[in-house]
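The block underneath contains the structure these notes are about, expressed in structure tokens.
The values are calculated or read from the model by the stated rules, or taken from the named source; none is laboratory data. None of the values given here were measured: they were computed from a predicted structure. Reconstructed Cβ throughout: ideal geometry from the backbone, glycine too, with neighbour counts over all protein chains shown.
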Number of protein chains: 2
Amino acid sequence: MSAVRQEITADSGSSIRIDSYPASEKVYIQGSRPDIQVPMRKITLSDTPANFGAEKNPPLYVYDTSGVYTDPNVAVNLHKGLGPVRHAWIEERGDTELLNGPSSIYGQERLADPATAHLRFEHICQPRRAKSGHNVSQMHYARQGIITPEMEYIAIRENQNIEAMRGTYKGQHPGFSFGAAIQPVITPEFVRSEVARGRAIIPANINHPELEPMIIGRNFLVKINGNLGNSAVTSSIEEEVEKMLWGIRWGGDTIMDLSTGKNIHETREWILRNSPVPIGTVPIYQALEKVDGKAEELTWEIYRDTLIEQAEQGVDYFTIHAGVRLHHVPLTAKRLTGIVSRGGSIMAKWCLAHHTESFLYTHFEEICEIMKAYDVSFSLGDGLRPGSIYDANDAAQFGELETLGELTKIAWQHDVQTMIEGPGHVPLQMIKINMEKQLEDCFEAPFYTLGPLTTDIAPGYDHITSAIGAANIGWYGCAMLCYVTQKEHLGLPNKQDVREGIVTYKIAAHAADLAKGHPGAQMRDNAMSKARFEFRWEDQFNIALDPEKARSFHDETLPKQSAKVAHFCSMCGPHFCSMKISQDVRDYAAEKGLADEQEALKIGMDEKSKQFIEEGAAIYHEI
Amino acid sequence: MSAVRQEITADSGSSIRIDSYPASEKVYIQGSRPDIQVPMRKITLSDTPANFGAEKNPPLYVYDTSGVYTDPNVAVNLHKGLGPVRHAWIEERGDTELLNGPSSIYGQERLADPATAHLRFEHICQPRRAKSGHNVSQMHYARQGIITPEMEYIAIRENQNIEAMRGTYKGQHPGFSFGAAIQPVITPEFVRSEVARGRAIIPANINHPELEPMIIGRNFLVKINGNLGNSAVTSSIEEEVEKMLWGIRWGGDTIMDLSTGKNIHETREWILRNSPVPIGTVPIYQALEKVDGKAEELTWEIYRDTLIEQAEQGVDYFTIHAGVRLHHVPLTAKRLTGIVSRGGSIMAKWCLAHHTESFLYTHFEEICEIMKAYDVSFSLGDGLRPGSIYDANDAAQFGELETLGELTKIAWQHDVQTMIEGPGHVPLQMIKINMEKQLEDCFEAPFYTLGPLTTDIAPGYDHITSAIGAANIGWYGCAMLCYVTQKEHLGLPNKQDVREGIVTYKIAAHAADLAKGHPGAQMRDNAMSKARFEFRWEDQFNIALDPEKARSFHDETLPKQSAKVAHFCSMCGPHFCSMKISQDVRDYAAEKGLADEQEALKIGMDEKSKQFIEEGAAIYHEI
């Protein structure tokens, strides 16, 4: 739990870093230009012991969301923020201009307010906006045939350096992808083409140059999101930033800041300036605070100002519940659990109070104009998602989904990147139709779901009830999975809950990657299994999604250092080990004079293995 | 963690009980004769608060594996064991006889050994065996058209008293069962017919009369198994019994005793005499101990004696790795993780050492003779199950599965009940073929799988990697799921790990029941969701699979008693609650003069609801 640390630095105030993962180092793969430096985590593995063949095990490269916080060569000063890795790319496109200050009224007020001065991030940059008449979305570039540095960065990142690992860890089962276009290698051109046709998004606001680009789409690695929300009363700004770091340390690909309360404007600035991953928000939450929580008093003007305020800070995607239409609202009255989305219920209340369609719906094209001026992506919210198994896949939910499809078409007319949010609570047999309907209704725009939870009866374990659904919908084609913690329905997650939730969702996403047959996905599994068979305990911990927990569980039973090089484990003990007997089987086969046995044992040499099996089988039959 | 308690009783030694679940009482439903008393847990729920309509919520009945330990009217003296609920049923069939003492040599030796006297269960009964020429298996009765009391008991138990709950908690989505024969109501005749055709088993040794009958088959509720193993050095016999009780308290349908070490004969006696659920073992483990761990020194005679020893104690099912054939063994040499099943590796080693088929395979019909004399069920072990994603679904695994199918046919010729064990480590997209192949190769004999784990990269979280696979294979038709704890691959599970593992598997099994459309499966979800919407916090805890954890998580954020009747929760706080807004939506709809609104809100009144929606939608459009 001490992995995120604050240190006092020589200059101004505190610096934050994340402890490196064990046996790991940060490496960068350079792209076509020196300023494309794609980070990966390189895990050094030990040699195979002599009795298993004494071979070298090359390092394992894995996707890394932790930013420069795990780079010992970089010291991050919280008060200065991260280096703007995308600055030159944005600048050289020549289609943006720096503003003199925030153009939102609220942003101006906060900046002028002496009472918030002590909370303010010290190095606020001038906000950037598209020049008049320009569209700065990645989709817009993609549709013009431009491969941006962001796209090339992503292609390198998605490939995970698998070429370097093919020798030892190869071997993967064919996937079944339900019609996805899984590529053997991700090229920058493929990234471009997927963004151009709307099948993937690159959430990357021009005001968030610190961002390390990533992509959300079903032909790429399945991503996960972790939520972060201040607990109004006590959290300091440093604590909020630390929560974000905690989330990316365990593998969060994006973080949603769902904070409410007084200083969310300033908190958001700090989070953005220090975040290497895309940040999403639900702007209606802040807009509601501006009208003291009275949903019916919300106006387009207040909401619009909030969008601009947040866009100029650098928020990368907005959840917008524009699909909640007036005629959908009564469809929820017969539900067992009504409307459970906060955004959805706010908009439903507004619609009822005004007897009209919501300003999100009626002003949707104006919202698109804002989105494309900063490259904020839509995350079209499912305000009417089911909150119980009983309410799954009902008319309200699917009615809204169809509206989200119509809105997607409009967004795409503006070249605005768009993903679609999904449920919620759905039993296992009804998940697939959600994916199929979303792909059809929303023209393959990326799907981003919360779980879904496959039963209601296990509060305290909803990371698990939902991971079952998440793995399945990820397999079916969902592009990003929003985590659910074990505190869901019960309380606010603490750090331990966040860690459990993120790792659980990494499992779901990885299970989906394997199932879809994402190239190279199985290498980490193979490396783990090889280490397991060879009793390389340290390597098993180091390859694990949660090395600390794996080690501590092992040490609970066998705490001694010697146990970590022992050729047995606590399950069977030293005298009775199935792994050891397996080795005996191999030795026996070798002893019987199979010349090619050593080579046959190497992973993936199928032809040799086949020959070995045939010969082996023959030998035993003849005796 | 204090739910299982030892108390000192007036007579001889300690009495054990399990704390009742909150707001729950043990009830019994009587069958066609007074001695068929089927236990259920009845959860009392509070009334709906006035602002939600002030209705009575009838009690919820749920399946109960905890035996009389949660019946305050019964005091269990560990040293005397449970009451033999099946005694009269077995006795009156008139096809068994009492023996003067154990007929196994080992059983006789242990009984005569003064050194083990202090460990011995005090009230050992005379063992019972089929009279010469008789077959006492439930399958044998079923095939003769006899509905045994066990079968009737099971029919009542599987129906879960859902008729009593239809009024309030009804409403269920259609399942998709992949060709299973899901029944609207389970009749005793259906139980009989499923057992007769081998699609379900009733593990119920005639020497385990204390057993509360249960069934394993894909047209019944999905069951889960928890493993129990003594930790050689320190465990006392009381501790072993307590571990079993801990497992059934959280919902284990069967318990496998995988103990090794010195006093397993005596420990097993204690466990059986105090267990209301079927107990399974892997007899080869004990046989191996009898030859000091030297696999190659195992003989048919030693193994046979072990089978009889355990059968006469009352073990209900035996895992027997008779499918490991000599020609399969070399198929594992090219694997990444070899043979990971302990039983499988023992047999593989034996086969190699002797250059011949195993005594389990060659003496299979003699084993059947033993099984039918006591009604022990086969759990045909998958000794060659894959231990890594890489090794999934390979020739060794599927070759063994085909052999298990051949053995099933032989077992059925003897009317011996049989289920089939399955993997292991299998990626998501390759699970379904496991189920399909098992159904085909083994003629729909029940499948009983370990997980499967859907990735190798998360040691410390393998309850989750495997629950994903378990929920899916349960949905596809697997009848029983063997739990995996979070310590898997790392160490020995402690009580907390067992609890987490069991509850995680209850989730997987329940998700599968919902997905298959098992009748009434959704009632508990509906009751939970109704309580959730109505802010009945105490009811939410009480309905949960793990009431203690749900309550403690809630109390971490909102510890005050008043929060448990508050109409909000910690996620949104009192001023901003989507559930509350949903109620506003309902109130608004009511206020607008929809006469039928109150009725429309009631769950399941689809016709009225439809009408309501139509009218509701119309109203908003007209305004």
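Filtering segment B:277-293 to residues that are assigned to a loop (DSSP other than H, G, I, E, B) and buried (at least 22 other Cβ atoms within 10 Å of the Cβ) leaves B:Val277, B:Pro278, B:Val282. Within segment A:347-358, is there a residue that is in a helix (DSSP H, G or I), of a type in the set (A, V, I, L, M), in contact (Cβ under 8 Å) with a residue 60 or more places away in the chain and at negative phi? Yes, segment A:347-358 contains a residue that is in a helix (DSSP H, G or I), of a type in the set (A, V, I, L, M), in contact (Cβ under 8 Å) with a residue 60 or more places away in the chain and at negative phi. Please indicate, with yes or no, whether at least one residue in segment B:483-499 is surrounded by fewer than 24 Cβ atoms within 10 Å (Cβ to Cβ) and under 15 Å from the mean Cα position of the chain (by Cα). Yes, segment B:483-499 contains a residue that is surrounded by fewer than 24 Cβ atoms within 10 Å (Cβ to Cβ) and under 15 Å from the mean Cα position of the chain (by Cα). If I ask for residues that are away from chain B (no Cβ under 11 Å) and assigned to a helix (DSSP H, G or I), which ones from segment A:450-482 would you list? Answer for segment A:450-482, where residues must be away from chain B (no Cβ under 11 Å) and assigned to a helix (DSSP H, G or I): just A:Ile473.
For segment A:196-207, the set of residues classified as closer than 19 Å to A:Met419 by Cα and either outside any loop (DSSP other than H, G, I, E, B) or out of contact with any Ser or Thr (no Cβ under 6 Å at 6 or more places or on another chain) (or both) consists of A:Ala196, A:Arg197, A:Gly198, A:Arg199, A:Ala200, A:Ile201, A:Ile202, A:Ala204, A:Asn205, listed by residue number. Among the residues of segment B:416-468, those identified as over 20 Å from the mean Cα position of the chain (by Cα), buried (at least 24 other Cβ atoms within 10 Å of the Cβ) and more than 28 Å from B:Lys487 (Cβ to Cβ) are B:Val416, B:Cys442.
The number of residues in segment A:459-493 being within 18 Å of B:Gly474 (Cα to Cα) and either among the hydrophobic types (A, V, I, L, M, F, W, C) or at pLDDT below 95 (or both) comes to 7.
Within the set B:Lys56, B:Lys26, the sole residue that is closer than 21 Å to B:Asn161 by Cβ and under 24 Å from the mean Cα position of the chain (by Cα) turns out to be B:Lys26. Within this structure, B:Ser379 fails the test of being within 11 Å of chain A (Cβ to nearest Cβ), surrounded by 24 or more Cβ atoms within 10 Å (Cβ to Cβ) and either touching a Cys at 6+ places or on another chain (Cβ under 7 Å) or not aliphatic (A, V, I, L, M) (or both). For segment A:348-356, does any single residue satisfy the condition of being touching a helix residue (DSSP H, G or I) at 6+ places or on another chain (Cβ under 9 Å), buried (at least 22 other Cβ atoms within 10 Å of the Cβ) and more than 14 Å from chain B (Cβ to nearest Cβ)? No, every residue in segment A:348-356 fails to be touching a helix residue (DSSP H, G or I) at 6+ places or on another chain (Cβ under 9 Å), buried (at least 22 other Cβ atoms within 10 Å of the Cβ) and more than 14 Å from chain B (Cβ to nearest Cβ). One residue stands out in segment B:318-347 among those that are facing chain A (nearest Cβ under 7 Å) and among the basic types (Lys, Arg): the one that is nearest to B:Ile302 (Cα to Cα), namely B:Arg342. Within the option set A:Tyr28, A:Tyr21, being in contact with a strand residue (DSSP E or B) (Cβ under 9 Å, 6 or more places away or on another chain), at pLDDT 95 or above and of a type in the set (Phe, Trp, Tyr) holds for one residue only, A:Tyr28.
Hey, can you tell me all the residues within segment A:368-401 that are within 17 Å of A:Met347 (Cα to Cα), of a type in the set (A, V, I, L, M) and not in a helix (DSSP H, G or I)? Listed by number, the residues that qualify are A:Leu380, A:Leu384.
Check segment A:553-561 and report whether any residue there is within 22 Å of A:Ile162 (Cβ to Cβ) and at pLDDT 90 or above. Within segment A:553-561, not a single residue is within 22 Å of A:Ile162 (Cβ to Cβ) and at pLDDT 90 or above.
Which one is surrounded by the most Cβ atoms within 10 Å (Cβ to Cβ), of the residues in segment A:195-204 that are under 17 Å from the mean Cα position of the chain (by Cα) and not β-branched (Val, Ile, Thr)? Step by step, filter segment A:195-204, then rank; the result is A:Ala204. Only one entry of A:Gln413, A:Gln417 meets the criterion of being over 30 Å from B:Gln172 (Cβ atoms) and in contact with a Ser or Thr (Cβ under 7 Å, 6 or more places away or on another chain), and that entry is A:Gln417. Is there a residue in segment B:183-195 that is touching an Asp or Glu at 6+ places or on another chain (Cβ under 6 Å) and in a loop (DSSP other than H, G, I, E, B)? Scanning segment B:183-195 turns up at least one residue that is touching an Asp or Glu at 6+ places or on another chain (Cβ under 6 Å) and in a loop (DSSP other than H, G, I, E, B). Of note, A:Gln183 satisfies the criterion of being of a type outside the set (A, V, I, L, M), at pLDDT 90 or above and surrounded by 15 or more Cβ atoms within 10 Å (Cβ to Cβ). Within segment B:106-118, does at least one residue satisfy the condition of being free of Cβ contacts under 8 Å to residues at least 60 places away in the same chain, of a type outside the set (A, V, I, L, M), closer than 28 Å to B:Gln286 by Cα and assigned to a loop (DSSP other than H, G, I, E, B)? There is at least one residue in segment B:106-118 that is free of Cβ contacts under 8 Å to residues at least 60 places away in the same chain, of a type outside the set (A, V, I, L, M), closer than 28 Å to B:Gln286 by Cα and assigned to a loop (DSSP other than H, G, I, E, B). Note on segment A:402-436: residues that are in a helix (DSSP H, G or I) and either modelled with pLDDT under 95 or not hydrophobic (A, V, I, L, M, F, W, C) (or both) total 11. Cβ-Cβ distances below 8 Å connect the following pairs, each with a first residue in segment A:484-510 that is at the interface with chain B (Cβ under 8 Å from one of its Cβ atoms), a second residue that is among the basic types (Lys, Arg) and in a loop (DSSP other than H, G, I, E, B), and a separation of six or more residues or different chains: A:Asn494/A:Lys487.
Listed by first and then second residue, the pairs linking a residue in segment B:383-407 that is at the interface with chain A (Cβ under 9 Å from one of its Cβ atoms) and over 23 Å from A:Ala527 (Cβ atoms) to a residue that is basic (Lys, Arg) and not in a helix (DSSP H, G or I), with Cβ atoms under 6 Å apart and 6 or more places separating them unless they lie on different chains, form an empty list.
Among the conditions (1) within 24 Å of the chain's Cα centre (by Cα); (2) at positive phi, B:Asn393 misses just one, which is (1).
Rundown of residues vs (1) within 13 Å of chain B (Cβ to nearest Cβ); (2) among the aliphatic types (A, V, I, L, M); (3) under 20 Å from the mean Cα position of the chain (by Cα), yes/no style:
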| residue | (1), (2), (3) |
| --- | --- |
| A:Ile156 | no, yes, yes |
| A:Asn159 | no, no, yes |
| A:Met165 | no, yes, no |
| A:Gln172 | yes, no, no |
| A:Ser177 | yes, no, yes |
| A:Ile182 | yes, yes, yes |
| A:Ile186 | no, yes, yes |
| A:Glu189 | no, no, no |
| A:Ser193 | no, no, no |
